[in-house]
1. Could you please find all residues in the stretch 49-63 being farther than 16 Å from residue 85 by Cα and away from the ligand (no atom under 11 Å from the Cβ)?
2. In the stretch 138-159, what residues are among the acidic types (Asp, Glu) and within 16 Å of the ligand (Cβ to nearest atom)?
3. Of all residues being touching a Ser or Thr at 6+ places or on another chain (Cβ under 6 Å) and either of a type in the set (Asp, Glu) or crowded, with 21+ Cβ neighbours inside 10 Å (or both) in the stretch 21-44, which is farthest from residue 170 (Cα to Cα)? Just the residue, please.
4. Among the residues of the stretch 311-329, count how many are crowded, with 16+ Cβ neighbours inside 10 Å and in contact with a helix residue (DSSP H, G or I) (Cβ under 8 Å, 6 or more places away or on another chain).
5. Cβ contacts < 6 Å: first residue among the β-branched types (Val, Ile, Thr), restricted to the stretch 130-141; second residue assigned to a loop (DSSP other than H, G, I, E, B) and within 12 Å of the ligand (Cβ to nearest atom), any location; separation 6+ or different chain. Result?
6. When the stretch 160-186 is examined, which residues are found to be of a type in the set (Val, Ile, Thr) and either in a loop (DSSP other than H, G, I, E, B) or away from the ligand (no atom under 16 Å from the Cβ) (or both)?
7. With among the hydrophobic types (A, V, I, L, M, F, W, C) and crowded, with 20+ Cβ neighbours inside 10 Å as the only criterion, which of 205, 225 stands out?
8. From the residues in the stretch 228-247 that are outside any loop (DSSP other than H, G, I, E, B) and away from the ligand (no atom under 16 Å from the Cβ), which one is surrounded by the most Cβ atoms within 10 Å (Cβ to Cβ)?
Amino acid sequence: MIPYGRQDITQTDVDAVCETLLGDFITQGPKIAEFENVIADTCDVTHAIAVSSATAALHIAYLALDLGPGDLLWTSPNTFVATSNAALYCGASVDFIDIDPDTYVMCLDTLEARLKAAAKTRALPKVVVPVHFAGQSCDMERLGALADTYGFRVVEDASHAIGGSYRGAPVGNCAHSDICVFSFHPVKIVTTAEGGVATTRDPDLATRLTELRSHGITRDPARMLGQSHGPWYYEQISLGYNYRITDLQAALGVSQMSRLADYTAARHARRKVYDQALADLPVKLPHQPNFQHSGLHLYPVLLRDEAPVNREVAFDQLRALGIGVNVLYIPVYLQPYYAKLGFEAGLCPVAEDYYARMLALPMYAKLTEEEQSTVVAAMHRVLG
Ligand SMILES: *Cc1c(COP(=O)(O)O)cnc(C)c1O
């Protein structure tokens, strides 16, 4: 089976991890700061805080922005459940803004209309979370302007988007957001096995994120509420978590990040092959707005009405031909847990229609020419 995504682990990666494993620190060692510096450099941002997963990064990002009971967070339904679950961890309520029919990220026209209505009923969100689906950046300048007008904070879920850029600047540089979050799960573009990073330009947010990652503890006398008892002294000043990443994972991340530019280029080369080879099929190919350069985590195609089979049949037939196509995402609010919270089908019709038609084709840096030809041939057999 040719999977829809796959990690690339080289001997250099293995050596980097083994060297760290035999060193003095296997957690909270120097590799974490090195990994954070690499991310900060790549993203052209001042602060990067590495944690155990993107889910953890989202959770502490929301906490750092004081999201709590009585507050509202809005996000896209076309995301992994973690984006909104992390708001529920904070005791906040969530709602979903429908997606754009061409880019599959949060539709900012819909967002603006919802904000106008919410301003009248004083039900504005405290935090809005755009999800850079498939690696494609949301229009952050416009979103940032809406944030200024309506007074909400912005956390970018860029789990799919490392290596991408928006108006020439790297995703993660937080020019139009408070915090940006990346995932380093193996199916994503770069991996640390499990891992996440939050980036920010705000030094106070960086301090809070760092404390929340490790139990809410500080060793900085300026942050302490009481008097130091001596050199061993630390204080817990908020309720944090153990969301630390290990030095082993960070060593893998540093090694992987050295290949990021190659990965992005390889993904775009494969995108161009698909774009040409699938152009005559009854599918909608991924649109790339020119204000951004996608990280291209995914290559989503949507079956048009005139396709000879529906998505369920196409999925089964492609899987039978050895193509590990996937379907993502099930609109979050359709999950039974969210139904229990009162969400109903019909909330976001564009996301629901997208979900009914969507197939993610194999897309990863080391997808070979031969494998890609197999995918293309199978697509023609099933949909031609
Ligand atoms: C993968 C993913 C997450 C969660 O990432 P983890 O590192 O597995 O916690 C969150 N949001 C999106 C959009 C993702 O794709």
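1. Hits for the stretch 49-63 are 49, 50.
2. 156, 157, listed by residue number.
3. Per the stated criteria, the residue is 31.
4. Final tally of qualifying residues: 9.
5. Filtered contacts from the stretch 130-141: 131/76; 131/79.
6. Scanning the stretch 160-186 gives 162, 171.
7. 205
8. 247
The values are calculated or read from the model by the stated rules, or taken from the named source; none is laboratory data. What you see is a predicted model, and the numbers here were worked out from it, not measured in a lab. Positions of Cβ are backbone-derived with ideal geometry, glycine not excepted, and every protein chain shown enters the neighbour counts.
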